[in-house]
1. Among the numbered criteria (1) open to solvent by 60 Å² or more (accessible area, probe 1.4 Å); (2) under 16 Å from the mean Cα position of the chain (by Cα); (3) modelled with pLDDT under 70, which single criterion is violated by Ser161?
2. Taking segment 73-84, which residues are open to solvent by 20 Å² or more (accessible area, probe 1.4 Å) and either within 18 Å of Ala173 (Cβ to Cβ) or touching a residue at least 24 places away in the same chain (Cβ under 8 Å) (or both)?
3. Please tell me if Leu29 is surrounded by 12 or more Cβ atoms within 10 Å (Cβ to Cβ) and modelled with pLDDT under 80.
4. Any residue that is of a type in the set (A, V, I, L, M), modelled with pLDDT of 90 or more and touching a helix residue (DSSP H, G or I) at 6+ places or on another chain (Cβ under 9 Å) - is there at least one of those in segment 96-111?
5. Starting from residues that are surrounded by fewer than 22 Cβ atoms within 10 Å (Cβ to Cβ) and touching a helix residue (DSSP H, G or I) at 6+ places or on another chain (Cβ under 9 Å), keep the ones in segment 116-140 and report whichever is farthest from Leu51 (Cα to Cα).
6. Hey, can you tell me all the residues within segment 46-72 that are in contact with a helix residue (DSSP H, G or I) (Cβ under 8 Å, 6 or more places away or on another chain) and surrounded by fewer than 17 Cβ atoms within 10 Å (Cβ to Cβ)?
Amino acid sequence: TTWQSSADLALLDTVMQSASLQQVPFLLLGAEDTGAVLTRLRSITGALFGLTSFAAFLHDPAARSLNGWVVTPERLAQAELEIPLAGGTSLVARAAVERQILRAQGAEGSEKLRGVDLEIARLLGTPALTLLPMFAGGGLLGVLVFGVGREQTQRLAADSSMLQRLSEIATAALTNRLPGPDDAPRAAW
């Protein structure tokens, strides 16, 4: 079969991603602890969306803050990143409070990177971020912050429903994980 247009190729790509996304729960839900879930999630987001670096900010209800993990092909570690939910200007906190996907770029874009968000983009080695909030049973679980290249920004905007589904699956996997030894809160950033 010959594909006639870029619209045909885009439809094929969407169908392939959707079919692949159906396998994700089986891959993520077997992970035992936070590190294993995040490592598997990095492999999945890399294969499906070309997103190989992200930060996962998990909610600490006692501190009313989000504690960060850095996940790249070379590194998996809980970082010295803690973002307060109240009173902060971070897009990470805003995505959590507003319960919506946010996108930001270093130069121009719907949101501009500043402060801690700019530092997160630098840490991930990307010029833009896509932020996905995660909620379980109505409560905040955390925010996934993906480092996004300029060429990926438009594609991810078109893949919002698939990203939302991935966020839901990641939420289920993180909710069912066993806490690891590195799940302790860190100092504020």
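The values are calculated or read from the model by the stated rules, or taken from the named source; none is laboratory data. Since we're looking at a predicted model, the values are computed, not measured. Cβ: placed from backbone, ideal geometry, glycine included. Neighbour counts: every protein chain shown. Side chains included, ligands, DNA and RNA excluded: accessible areas come from the protein's heavy atoms. Shrake-Rupley method; radii C 1.70, N 1.55, O 1.52, S 1.80 Å.
1. It is condition (3) that Ser161 fails.
2. Pro73, Leu76, Ala77, Gln78, Glu80, Glu82, Pro84 - these are the residues of segment 73-84 that are open to solvent by 20 Å² or more (accessible area, probe 1.4 Å) and either within 18 Å of Ala173 (Cβ to Cβ) or touching a residue at least 24 places away in the same chain (Cβ under 8 Å) (or both).
3. Considered against the rule, which asks whether it is surrounded by 12 or more Cβ atoms within 10 Å (Cβ to Cβ) and modelled with pLDDT under 80, Leu29 comes out as yes.
4. No: zero hits.
5. That would be Gly137.
6. Listed by number, the residues that qualify are Ala47, Gly50, Thr72.
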